[in-house]
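Here it is: the structure, laid out below.
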Amino acid sequence: MKALIVEDDPEARKVLSLILKLDGYEISTASGGAEAVQALTTMVPDLVLLDVMMPGMDGYQVCGWVRSNPATTAVPVVMLSGKADPESVARGLEVGADEYLSKPISPGKLTAQLRGVLARTAGRAPA
């Protein structure tokens, strides 16, 4: 199972990578939105774990790009953000995120939520 972690905070990126590796994922990382889009033009992961607040291209824009690109439109996207207000969550879901989780999150809850998203989206055909 391949996951792309998009997170501008190096320490958070490292922790998320470790959590997902321990859960059996093969990890690729991007430190921002533009880097994520570049990575997604050369690989299609099984899951994108996406921070919202990043300089330049934010998570909402990246999610919109994922959904509009025929090669990645069916890839599950989970937003993970410190912004947990109802408007931010709604916006994330409106741009196409499959789940919107709030930081901080326990490793067990994160991996359980990711497994749930993957189960719900399994077999989803590209648009």
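All of the numbers you see were taken from the coordinates with simple rules; none came from a lab. Bear in mind that the values here come from a model prediction, so they are computed numbers and not experimental data. When we count neighbours, we look across all protein chains shown, and the Cβ atoms used for this are built from the backbone with ideal geometry, even at glycine.
Counting each DSSP H run of 4 or more residues in the chain as -39500 (n - 2.57), what helix-only mean residue ellipticity at 222 nm follows after dividing by all residues, to the nearest 500 deg cm²/dmol? Let's see the in-between values first.
Details: 5 runs with 55 residues, N = 127.
About -13000 deg cm²/dmol.
Okay, moving on. With the Cα gyration tensor of segment 40-127 giving a ≥ b ≥ c as the square roots of its eigenvalues, does the rule (a/c under 1.5 for rounded; else a/b larger than b/c for prolate; else oblate) give rounded, prolate or oblate? Walk me through the numbers on the way to the answer.
Numbers: a/c = 1.71, a/b = 1.17, b/c = 1.45.
Oblate.
Over the chain, what is the relative contact order in whole percent, taking alpha-carbon pairs under 8 Å and six or more residues apart?
Values: 208 pairs, mean separation 28.0, N = 127.
After rounding, I find 22 percent.
Once you list every other residue whose beta carbon is under 10 Å from the beta carbon of G56, what net charge do they have if Lys and Arg are +1 and Asp and Glu are -1? Please list the in-between numbers first.
On the way: positive: none; negative: D8, E35, D58.
That sum, taken over residues with Cβ under 10 Å, equals -3.
Find how many whole Å separate the alpha carbon centroid of segment 88-117 from the alpha carbon centroid of segment 58-87.
Going from one Cα centre to the other spans 10 Å.
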